[in-house]
Amino acid sequence: METAKPIIFLDFEGVLNTKQYASDLRRSGKMPNDQYGYLFDPTAVSSLRDIIAERDADIVITSSWRDEGLDKLRKMWADRDMPGEILDITPFAIDRSIIIDGYMIVQRGYEIKQWLRDNGRGRNYIIIDDQDDFLPEQNTHIVRIDKKKGLSPDDVQMAINKLA
């Protein structure tokens, strides 16, 4: 019987795309975005590639970019020659939302919990994010990223160890 692949719950902002990389592109006279949005930092992409190569993990997108839909994200992934495969996007846990200053806020932790309940029981997983809106039971699965640097080589070993 085949074992299910581990899951990487992946954010983009501050993880794959950083303000620093966008600034560097602008300073060198290049556009920081393409038809999909901000370009991803090559160092962050390389770090993600290393994690996936070591653990053969699937990706579930938690980023707000999931508003674009799964098909468009998969097309972007292919067009940008990104590592691994996008398995899915997390659901919008509207029932767990709160309104703050007129904006609906949903903790990503609830959305991940719902996805795991519906699709991933028993799967090992990590959450790669620069935010901290997760549930206490998810703390041992989080790889917290410094949003100034994005996903870096320093984060790779921690992610690999958590997926062991």
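What about Arg74, is it loosely packed, with under 13 Cβ neighbours inside 10 Å, basic (Lys, Arg) and either part of a loop (DSSP other than H, G, I, E, B) or modelled with pLDDT of 95 or more (or both)? Spelling it out, it is not the case that Arg74 is loosely packed, with under 13 Cβ neighbours inside 10 Å, basic (Lys, Arg) and either part of a loop (DSSP other than H, G, I, E, B) or modelled with pLDDT of 95 or more (or both).
Per the conditions (1) part of a loop (DSSP other than H, G, I, E, B); (2) in contact (Cβ under 8 Å) with a residue 60 or more places away in the chain, the sole criterion not satisfied by Phe40 is (2). Any residue that is over 21 Å from Ala22 (Cβ atoms) and buried (at least 16 other Cβ atoms within 10 Å of the Cβ) - is there at least one of those in the range 40-51? Yes: one or more hits. Taking the criterion of being in a loop (DSSP other than H, G, I, E, B), farther than 14 Å from Ala164 by Cα and modelled with pLDDT of 90 or more, the residues of the range 122-146 that qualify are Asp130, Gln131, Ile145, Asp146.
The single condition among (1) under 18 Å from Leu116 (Cβ atoms); (2) part of a helix (DSSP H, G or I); (3) at pLDDT 95 or above that Leu87 does not satisfy is (2). Of the listed requirements (1) at pLDDT below 95; (2) crowded, with 16+ Cβ neighbours inside 10 Å; (3) closer than 20 Å to Val15 by Cα, Ser64 misses just one: (2). Please pick out the residue among Arg96, Arg80 that is modelled with pLDDT of 95 or more, over 15 Å from the mean Cα position of the chain (by Cα) and not polar (S, T, N, Q). Checking each option against the conditions leaves just Arg80. The number of residues in the range 57-83 that are hydroxyl-bearing (Ser, Thr, Tyr) and in contact with a Ser or Thr (Cβ under 7 Å, 6 or more places away or on another chain) comes to 1. Within the range 108-120, does at least one residue satisfy the condition of being surrounded by 15 or more Cβ atoms within 10 Å (Cβ to Cβ), at pLDDT 95 or above and within 18 Å of Gly14 (Cβ to Cβ)? No, the conditions are met nowhere in the range 108-120.
Ser46 meets the conditions (1) touching a helix residue (DSSP H, G or I) at 6+ places or on another chain (Cβ under 7 Å); (2) assigned to a helix (DSSP H, G or I) in every case but one. The failed one is (1).
The values are calculated or read from the model by the stated rules, or taken from the named source; none is laboratory data. Being a predicted model, the structure only gives us computed values, none of them experimental. Heads up, the Cβs are rebuilt from the backbone with ideal geometry, glycines too, and the neighbour counts pull from every protein chain shown.
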